[in-house]
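In what follows, a single structure is set out as structure tokens and then discussed.
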Amino acid sequence: MSDSTYLTWPFFDDTHRKFAEELTAWAKEEIAPLEKDDHSTLEALDKSFKHLIKKLGESGWLKYTIPKTYGGALETFDVRHMALARSILAYHSGLADFGFAMQGLGSGSITLFGSDDLKKQYLPDVGTGKRTAAFAISEPESGSDVASMTTTATLDGNHYVLNGVKTWISNAGIADQYVLFARTGDAPGSKGLSAFVIEADNPGLKVSERINVIAPHPLGTLTLTDCRVPTSNMLGHSGDGFKVAMTTLDIFRTTVGGAALGFARRAMDEAIDRAQSRVAFGKKIGDFQIIQTKIGEMALKIDASALLVFRSAWVKDTQGIRVTRESSMAKLYSTESAQEVIDEAVQIFGGMGVVSGVTVERLYREIRALRIYEGTSEIQKLVIAAQTMAK
Ligand code: COS
């Protein structure tokens, strides 16, 4: 039985506790049995993913990724609900967590910066799972260095015309719309970027490649060729793109920490079960102090991660201030320490830990990308340093 004492912490109120209880029960019943779904081909992966989105939508969980005015469950973003959701879903299925996360990240910039018309057009269907969202910022030559992106958006009457390539785009090929960033002006670096909402069936937008990764998730490359987008589909104003991206990431980086926490908790629970059942040298391996010290360190890392994740979420939810430093700390520590926790779980499993299909083997693959996407660990350290030194 997984430790849920963190729910008694003062970061939460009863709404969060009830939400966590209900989602946990639902995920056990509805999501856990799908863990063994076939993801060996793109077709099988897409089918399984769409099924998960449908289930999450029909059961009302995606409503926590959008605000109430547009069909959401709560007045505004509540980062604690989203981090809890990711943690609980990730415990049972990396793909279910990914589905929830992408509805949030892919529509977050619309919630934060979109016109009322854009919000009405896109958010309600994201909240039911009828439409799938995506966030397209990275390029072949621009990953960490967002400000160096070269995709252009040129004004032509009441449209912008976009040309360029976006890659590492989660939900490429699945999404119904993309929040996509491009350079609209001559202003250098971060000053000349803007954000747009683009329909997936725009004739100027092609999914030019699907990318296979170690833990299967829908991912790919988009090519924009004279892609015409109405000026009304811009989020915020021309030149606001960098701010749109960073403000959105400030919220969602905390939730990446939540997902890492879910993977780590699952690994620890698997490791404890293994330690209490596997016999070596005449006793259960959990009776050896060498295993106990591993479990002790895992539990410590998990609680420290949870403190950072829910501190960041709580500050954002209750004070509404910029949480760049807090969210970077939450993401950095939780993802790095989850990797360590999972690695130790694999070690406790011994040879069984690297057998394909064993849960800790899956977690070992699932966690890796979290140390890279939405800002690498190295970038998070730079952000934390910049924020700390500026104080
Ligand atoms: N919220 C609001 N505004 C922000 C912000 C934030 N979190 N971070 C930066 N800004 C603003 C700054 O205030 C600054 O504005 P002014 O020029 O008006 O002062 C501007 O944006 C530029 O900021 P800064 O100089 O700090 O940006 P840098 O170019 O030095 O670099 C990093 C920023 C490297 C931290 C940024 O590019 C980054 O986060 N990279 C990782 C990208 C990423 O996560 N990619 C994955 C995408 S999703 S898979």
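The values are calculated or read from the model by the stated rules, or taken from the named source; none is laboratory data. Bear in mind that the values here come from a model prediction, so they are computed numbers and not experimental data. Because the Cβ atoms are built from the backbone with ideal geometry, glycine has one as well, and the counts that use them run over all protein chains shown. For accessibility, only protein heavy atoms count, side chains too; no ligands or nucleic acids. Shrake-Rupley method; radii C 1.70, N 1.55, O 1.52, S 1.80 Å.
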Exposure of Val354 as accessible area (Å², to 10), given a probe of 1.4 Å and all protein chains: 110
query: So what is the calculated 222 nm ellipticity per residue for the chain, using -39500 (n - 2.57) for each DSSP H run with n of 4 or more, over all residues, to the nearest 500 deg cm²/dmol?
result: -17000 deg cm²/dmol
- prompt: Is segment 5-132 rounded, prolate or oblate when judged by the Cα gyration tensor, a ≥ b ≥ c being the square roots of its eigenvalues, rounded requiring a/c under 1.5 and prolate requiring a/b larger than b/c?
  reply: oblate
- line: The local net charge around Leu332, scoring Lys/Arg +1 and Asp/Glu -1 for residues other than Leu332 whose Cβ lies under 14 Å from its Cβ, equals +1
message: Using a Debye calculation, one point per C-alpha and no hydration shell, please list log10 I(q)/I(0) for the chain at q = 0.06, 0.12 Å⁻¹ in order.
response: -0.23, -0.90
Area of Trp168 that stays accessible when all protein chains are in place (1.4 Å probe, Å², to 10): 150
message: For Gln177, what residues show an amide H to amide H distance below 5 Å, using hydrogens built from the backbone and excluding near sequence neighbours?
response: Thr132, Ala134, Ala200
message: Let me check something: with ligands and nucleic acids excluded, how do Phe349, Phe263 order by accessible area (1.4 Å probe), largest to smallest?
response: Phe349, Phe263
query: Restricting to segment 149-307, what percent of DSSP beta bridges are antiparallel, rounded to 5?
result: 95
field: Heavy atoms of Glu43: accessible area, 1.4 Å probe, square angstrom to 10
entry: 140
- prompt: Sequence-distant or interchain residues sharing an amide H contact under 5 Å with Ser208, placed H: which?
  reply: Thr221, Leu222, Thr223
- line: Under 5 Å from the placed amide H of Trp168, counting only residues 5+ away or on other chains, we find Gly220
- prompt: Which percentage, to the nearest 5, of the DSSP beta bridges contained in segment 135-239 is antiparallel?
  reply: 90
message: Could you tell me how far the Cα centroid of segment 204-218 sits from the Cα centroid of segment 17-87, in Å?
response: 22
statement: Links exceeding 29 Å between C-alpha atoms in this model, out of Lys191/Lys316; Lys50/Lys191; Lys63/Lys301; Lys119/Lys206, come to Lys50/Lys191; Lys63/Lys301
